[in-house]
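Please treat every number below as a calculation from the coordinates, not as lab data. Note that the coordinates shown come from a computational prediction; the quantities given were computed from them, not determined experimentally. Quick reminder, even Gly has a Cβ in these numbers, built from the backbone with ideal geometry, and neighbours come from all protein chains shown.
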Amino acid sequence: MLEKLMPKSDEFFDDFDKQAAQTIEGARALHSLLTDFTDVDRKVKAIKDVEHRSDEITHKAYERLHSQFITPFDRTEMHRLIGRIDDVLDLTDAAAERLVRYEIPSSTPEAVELSKLLVDSCLVMQDAVRSLRTIKKPQQILVACKEVKRLEQEADRVLRAAMAKLFKSGLDALTVIKWKEVYDLIESATDRCLDVANIIEGVVLEHS
């Protein structure tokens, strides 16, 4: 009976890995779409499909968390980690969806740059997530967390410049509002990557 209550730690870490992999797939698909703004409906649907697959992984991760009596680290932090990784792809999907819903006709260099920073953030976030398996060797994890923070700060800088350019562009107000929302959603996805990194950093500092 006791054996059934003990956690299969690898399964928890597998869940995190699978979630992180889906965020990378979604971010890359958004970056590809904004770089080559063709066949938009199909590409946005593909991102939605990734988001649906990720939701299934997230649901299973929550189920595992609530069914296991013992967890590798604090249950509340695990719950937050699952949720924040899921948020990254939710926001990525929301940005893609707006491109169709608002009938945006073409991309912008700023959207491409922001989406590239999101891809980079997701890749480094995945490194931090994977390194949780070796939590007793914290240096690699803390380096990855620091890099996620740097990328998020860079995304903030790009967002501010993009907004300034947008408001000076002379575009009609509706177009400005549309792009402002898309930019905000992509940058918010990098914020969630930072949230993930902050949670992981806290776990590492507590257990190392």
- Message: Just to be sure I understand the model, the point goes 7 Å from the Cα along the line to the Cβ. What's the resulting Lys60 to Ile177 distance in nm?
- Response: 4.2
- Item | Using a Förster distance of 22 Å, the FRET efficiency for Tyr102-Thr38 (Cβ separation, nearest 0.05) | 0.80
- Message: How much of the pair distance distribution for the chain lies past 28 Å, counting alpha-carbon pairs only, in percent?
- Response: 31
- Distance in nm between pseudo-label sites at His79 and Arg53 (7 Å out along the Cβ direction from Cα): 2.9
- Query: What is the dipole size for the stretch 2-207, taken about its Cα centre, with +1 at each Lys and Arg Cβ and -1 at each Asp and Glu Cβ, in debye to the nearest 20?
  - Reply: 280
- Message: So for the stretch 2-207, averaging the separation of alpha carbon pairs under 8 Å that are six or more residues apart and normalising by length, what relative contact order in percent results?
- Response: 30
- Query: Relative to the Cα centre, what is the charge dipole magnitude of the stretch 64-163, using +1 at the beta carbon of each Lys and Arg, -1 at the beta carbon of each Asp and Glu, and rounding to the nearest 20 debye?
  - Reply: 560
- Query: Gain in length, Lys168 to Gln140, computed as 0.36 nm per residue apart minus the alpha-carbon separation, to one decimal in nm?
  - Reply: 5.8 nm
- Item | Long pairs among Lys45/Lys137; Lys45/Lys146; Lys60/Lys116, criterion Cα-Cα beyond 31 Å | Lys45/Lys137; Lys45/Lys146
- Computed [θ] at 222 nm, deg cm²/dmol, the chain (DSSP H ≥ 4; -39,500 (n - 2.57); rounded to nearest 500): -29500 deg cm²/dmol
- Which is farthest toward the positive dipole end of the chain among Ser121, Thr108, Ser32, measuring Cα position about the Cα centre, with Cβ charges +1 (Lys, Arg) and -1 (Asp, Glu)? Ser121
- When Met163, Met78 are arranged by how many other beta-carbons sit within 10 Å of their Cβ, fewest first, they go Met163, Met78
- Footprinting exposure proxy for Thr108, Thr134, Thr58, Thr175 (fewest neighbouring C-beta atoms within 10 Å first): Thr134, Thr175, Thr108, Thr58
- Query: Relative to the longest principal axis of the chain, what angle (0 to 90°, nearest 10) does the C-alpha long axis of helix 40-67 take?
  - Reply: 20
- Item | Positive-pole candidate from Leu99, Ala164, Ala46, dipole of the chain, charges at beta carbon | Ala164
- Reachable aspartates and glutamates from Lys43, criterion Cα separation under 17 angstrom, eight or more residues apart if same chain: Glu25, Glu51, Asp90, Asp93, Glu97, Glu103
- Note on the structure: Between the residues Ile141, Ala189, Gln22, the Cα farthest towards the positive end of the dipole of the stretch 2-207, that dipole coming from +1 and -1 charges on the beta-carbon of Lys, Arg, Asp and Glu, is from Ile141
- Query: Quick one: Ile85, Ile57, Ile141, Ile104, fewest Cβ neighbours within 10 Å first, how do they rank?
  - Reply: Ile104, Ile57, Ile141, Ile85
- Task: Using per-residue counts of other Cβ atoms within 10 Å, averaged over each peptide, order 12-24, 111-123, 31-43 from highest down.
- Result: 111-123, 12-24, 31-43
